[in-house]
Amino acid sequence: MSVRPNSEPELLAAELKKLRAENEKLKRQLEDANKKLRKLPIEFRFKAAMFGSGQVLEICNQTTEKLTVAVKVSRPIGNASHKFKRVLPELPVLKQDPMEIGHAEGWVFARGDEVEIASDGFDPIKVIVL
């Protein structure tokens, strides 16, 4: 029985080729999955805080199922940031009270704050507070 001296490099090259092909297939699957994301079914707005200064973010779920959202806020001036995770109750027959994030939750929204609202399976919403 004879072994060719180049068999190990050839095996490694074949394995590398196989892994690259698999990587490309996974990339295509990820791109396809990302294309299928949907519009985040919420309504949101900023309103003046009732107590104190700044603004409050109000978010309402627009579906008949509970919806978990992640809210990331950042203030470019001063490099402050905060993350919130909230479960929005499902939409009942009558319109629900909005979920609020503001001073009581540890963040007073101000002009220029960057806000991202995201939930698994949906396109994120990115806005700047005016």
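The values are calculated or read from the model by the stated rules, or taken from the named source; none is laboratory data. In this text the structure is predicted, and so the values were computed from the model without any measurement. With ideal geometry, Cβ positions are generated from the backbone for all residues, glycine too; neighbour counts draw on all protein chains shown. With ligands, DNA and RNA removed, areas are computed over all heavy atoms of the protein, side chains included. Shrake-Rupley method; radii C 1.70, N 1.55, O 1.52, S 1.80 Å.
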- Which of K39/K66; K27/K126; K83/K126; K36/K83; K47/K83 have a Cα-Cα distance over 22 Å? K27/K126; K36/K83
- Unit charges on C-beta of K, R, D, E only; dipole of the chain, Debye: 240 debye
- Just report the Cα centroid separation between the stretch 55-73 and the stretch 78-130, whole Å. 6 Å
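Summarise the accessible area of the chain (1.4 Å probe, protein heavy atoms) by the percent that is carbon and sulfur.
On the way: 5520 of 9850 Å².
It is 56 percent, rounded to a whole number.
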- What residue among L30, L91, L40 shows peak mean-square fluctuation when the chain is described by a Gaussian network model with Cα springs under 10 Å? L30
- Query: Of the labelled options (i) 115, 56, 27; (ii) 86, 42, 21; (iii) 50, 32, 24, which one gives Cα extents along the principal axes in Å as computed for this structure?
  - Reply: (ii)
